[in-house]
Each structure stands twice: as C-alpha cells, then as structure tokens.
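Engineer: Sharing a structure here in structure tokens format.
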C-alpha cells in the first residue's frame with residue numbers, strides 16, 4: 001500500500017503529500033466488491049424502499065454550527081463552479097461553492113436533475129449516506145486497505161489501476177480532466193467526457209472493477225490521519241486487515257472530522273491533482289457532500305459463502 005510519488009498536490013486541501021508514505025505491506029481477508037460505483041438508479045431504489053433523506057437535504061442546525069447566521073442554515077451541498085478565467089491554484093474556495101438545494105437528486109443545484117443519468121454514479125452523498133445504503137443492500141463500505149488491494153487488481157507496484165502508463169497506446173483509460181483548470185470551458189474532454197461519465201465507460205482493471213481511477217472519488221470507511229501509514233509500518237510487520245485510526249486528525253484543518261476518499265475524480269489534472277494514482281489518498285469532511293464524490297460497496301466473502309450454502 002501507498003505511493004512513492006510525491007509531486008502531486010492534495011486536490012486543494014492544504015496539508016502534506018507525505019500522507020501516502022511509507023509504502024508498507026498489508027494483508028486483507030477475501031471480500032467481494034461492486035464492479036462499479038453505486039449509480040443514481042440504484043440509490044433511487046434505496047430511497048424509494050426506505051424513505052431515506054440524505055444529509056444534504058436536511059437544513060443544518062445551530063447545534064452543528066454555533067454562531068452561524070440563521071439565514072445561512074439552508075440545506076445544500078458543495079458544487080464545482082469553474083472560474084471565469086485563470087486563477088492561482090492556491091485557494092480551492094475559488095472553484096468550490098456551497099449551493100442551496102444541491103443534493104443527490106439535484107447534483108449541481110435546484111435547476112439540475114437526473115434525467116438521462118440513471119447510470120451515472122450517485123454524488124452529493126456523505127459518508128453516513130453511503131453507510132446507510134450499504135446496510136440496506138446487505139453490504140458495507142470497504143476499508144482503505146481493501147479498496148487499494150482491489151483497485152490494484154493484483155498488479156502491485158503499478159502507478160495506475162490499468163498499468164504503468166497514463167495513456168497506453170495514446171488512449172485515455174479513465175475520466176480525468178484535460179485542459180486549463182479550473183476555467184469555464186477548460187475541460188476539453190479528450191478522454192471522451194466533459195464532467196462526470198456514466199459508470200463502466202473504460203476497460204476494467206484485472207479484477208473486473210471499473211472506474212477505480214478518475215470519474216468520482218469514493219468514500220471508504222477509514223478516518224483520515226496523514227501519519228497513519230507511519231503508524232502501520234512502525235512495527236515492521238505486515239498490517240492485517242487495518243481498519244484505520246481510531247480518531248481523525250488533519251493538521252491543516254484540525255477541527256474537521258475527515259474520512260478517506262480514494263480513486264480521484266473527473267477533476268484530477270496534472271496541473272493540480274493527480275490523485276488517480278493508485279496509491280495516493282484523498283480526504284473529506286465526513287458530513288460534507290460534493291458533486292465529485294460517490295462510493296461503492298463490498299461484502300465479506302465468508303458471509304456470501306454462508307448465504308450460498310443455505
């Protein structure tokens with residue numbers, strides 16, 4: 001697990017690139033993983049069956065945000081908003097905005113919808129939304145170790161889920177950003193898509209998993225700490241089924257509780273963020289959704305075997 005590539009930034013989140021170091025050995029028990037990220041139509045079935053309401057659809061409270069002006073306590077979520085022209089890439093608030101009314105059904109705001117996007121990955125879901133769906137489906141979220149093991153597809157040491165070259169034979173293998181970031185109209189879509197793509201539009205990795213690099217980030221179950229890999233490797237032994245740190249901590253934003261994101265998104269670009277690299281890590285406040293973060297689920301192999309034996 002991990003990555004020795006230290007040149008990429010943190011996708012706008014202040015902090016250190018050393019959170020993917022050191023490379024260390026990890027063991028995980030067998031498990032099954034969804035071939036794709038959970039889609040809008042799958043999440044819609046869950047909502048219809050349970051009446052579940054996502055965090056983005058519920059107005060925040062003064063208990064959550066003491067001292068906040070009441071007029072600011074409006075349900076919504078964060079949305080990527082391209083800038084009018086080139087800007088310094090040292091302040092991600094320039095292209096991320098809190099949009100009232102944005103939620104999984106309206107990913108970029110009240111004027112957006114899911115018409116024709118049934119096969120797109122669901123976004124604007126926070127960690128607890130993903131956990132609720134997984135429980136309903138009889139599954140769970142992967143640990144970070146499980147996610148990386150699966151994403152590597154048995155090809156230990158490769159830079160990408162598809163191999164060692166970004167564009168083998170000149171062909172894009174994932175939905176990432178080409179063009180001037182984060183300018184309006186900057187994404188040229190050379191990979192075939194501008195913005196989010198439907199799931200499974202590129203070849204799967206050797207384990208049959210689609211989009212483990214690019215398209216949308218994926219929640220995993222681990223809390224985020226930048227020094228966690230150092231803790232794992234300090235014993236000198238293989239880490240067995242690591243579950244992540246007991247508590248989150250990000251020195252750049254110490255009051256925020258963050259979970260790990262994995263896989264990068266359609267906004268990843270070599271100008272700013274190359275976290276579609278297989279061993280690298282992302283992070284996000286656990287109750288904050290955005291229109292470039294989704295999830296996929298796993299199930300223990302032993303529980304599946306028990307069901308098959310019934």
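The values are calculated or read from the model by the stated rules, or taken from the named source; none is laboratory data. Quick caveat, the model's predicted, so the values are computed rather than measured. All Cβ positions, glycine included, derive from the backbone under ideal geometry; neighbour counts span all protein chains shown.
Engineer: Criterion first (within 27 Å of residue 301 (Cα to Cα), surrounded by fewer than 20 Cβ atoms within 10 Å (Cβ to Cβ) and within 18 Å of the chain's Cα centre (by Cα)) does residue 119 satisfy it? Give the derivation first.
Structural biologist: Working: within 27 Å of residue 301 (Cα to Cα): yes; surrounded by fewer than 20 Cβ atoms within 10 Å (Cβ to Cβ): yes; within 18 Å of the chain's Cα centre (by Cα): yes.
Yes, satisfied.
Engineer: Shifting gears a bit: May I ask you to list the residues in the stretch 116-132 that are free of Cβ contacts under 8 Å to residues at least 40 places away in the same chain and in contact with a helix residue (DSSP H, G or I) (Cβ under 6 Å, 6 or more places away or on another chain)?
Structural biologist: Scanning the stretch 116-132 gives no hits.
Engineer: Let me ask something else. Scan the stretch 45-64 residue by residue and report those that are under 21 Å from residue 112 (Cα atoms) and either touching a residue at least 60 places away in the same chain (Cβ under 8 Å) or not in a helix (DSSP H, G or I) (or both).
Structural biologist: First pass over the stretch 45-64, keeping only residues under 21 Å from residue 112 (Cα atoms): 45-48, 52-59.
Hits for the stretch 45-64 are 46, 52, 53, 54, 55, 56, 58, 59.
Engineer: Here is a follow-up. Which of the residues belonging to the stretch 65-97 are in contact (Cβ under 8 Å) with a residue 40 or more places away in the chain and over 24 Å from the mean Cα position of the chain (by Cα)?
Structural biologist: 84, 85, 86, 87
Engineer: Let me ask something additional. Can you name every residue in the stretch 98-115 that is within 22 Å of residue 38 (Cα to Cα), in a strand (DSSP E or B) and touching a residue at least 24 places away in the same chain (Cβ under 8 Å)?
Structural biologist: The one that is within 22 Å of residue 38 (Cα to Cα), in a strand (DSSP E or B) and touching a residue at least 24 places away in the same chain (Cβ under 8 Å): 103.
Engineer: A further question on this structure: Please tell me if residue 158 is touching a helix residue (DSSP H, G or I) at 6+ places or on another chain (Cβ under 8 Å), assigned to a loop (DSSP other than H, G, I, E, B) and surrounded by 13 or more Cβ atoms within 10 Å (Cβ to Cβ). Walk me through how you get there before you give the answer.
Structural biologist: Working: touching a helix residue (DSSP H, G or I) at 6+ places or on another chain (Cβ under 8 Å): yes; assigned to a loop (DSSP other than H, G, I, E, B): yes; surrounded by 13 or more Cβ atoms within 10 Å (Cβ to Cβ): yes.
So residue 158 passes the test.
Engineer: Examine the stretch 23-31 for a residue that is at pLDDT 90 or above, over 26 Å from residue 225 (Cα atoms) and out of contact with any strand residue (DSSP E or B) (no Cβ under 6 Å at 6 or more places or on another chain), and state whether such a residue exists.
Structural biologist: Within the stretch 23-31, the subset at pLDDT 90 or above is 23-31.
Those left that are additionally over 26 Å from residue 225 (Cα atoms): none.
Checked against the condition, which is being at pLDDT 90 or above, over 26 Å from residue 225 (Cα atoms) and out of contact with any strand residue (DSSP E or B) (no Cβ under 6 Å at 6 or more places or on another chain), the stretch 23-31 yields no hits at all.
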